[in-house]
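Every number here is computed from the coordinates shown, using simple stated rules; none is lab data. Just so we're clear, the structure is a prediction, and the values are computed from it rather than from any experiment. When we count neighbours, we look across all protein chains shown, and the Cβ atoms used for this are built from the backbone with ideal geometry, even at glycine.
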Amino acid sequence: MEGRFEAIPIQTVVSWGMLNRLRSVLAGLAVDNAIAEMLIDSIIRSATLGLESSAPHLVLGGTGVLAMHDEEDRHVLEVACAARAHVLVTSNFRHFVTQDSEILS
């Protein structure tokens, strides 16, 4: 399997901070630890699709320079900017939509 959707190349970009936050959310929801780790591992594997090496595209974290009130949202946006992402997948439209944004569903 390659990092593609139909004919469009895709690359999952995720940070350790995002994965750690997901881990804590899943723990708070009382998701079995083994299942949570399998989910996180599958996200890491998706970040390696289409790469020549087996190293996932993981960004260490945001630099804290963007002016956003929510630290977690700032981290997500800074990781997306650092990776030069074309698309940000989120259900948190309220904090990320600007007049220049386009929402695809």
Beta carbons within 10 angstrom, averaged per residue: use that to sort the peptides 91-98, 68-75, highest first. 68-75, 91-98
Give me the distance in nm between label points sitting 7 Å out from Cα along the Cα-to-Cβ direction at Thr90 and Ile10, one decimal. 1.8
Long-range amide H contacts for Val14: which residues qualify at under 5 Å (H placed 1.01 Å from N, peptide plane, sequence gap of 5 or more or a different chain)? Val59
Which FRET efficiency value, to the nearest 0.05, is calculated for Thr98 and Met38 with the Förster distance at 41 angstrom and r the Cβ-Cβ distance? 0.70
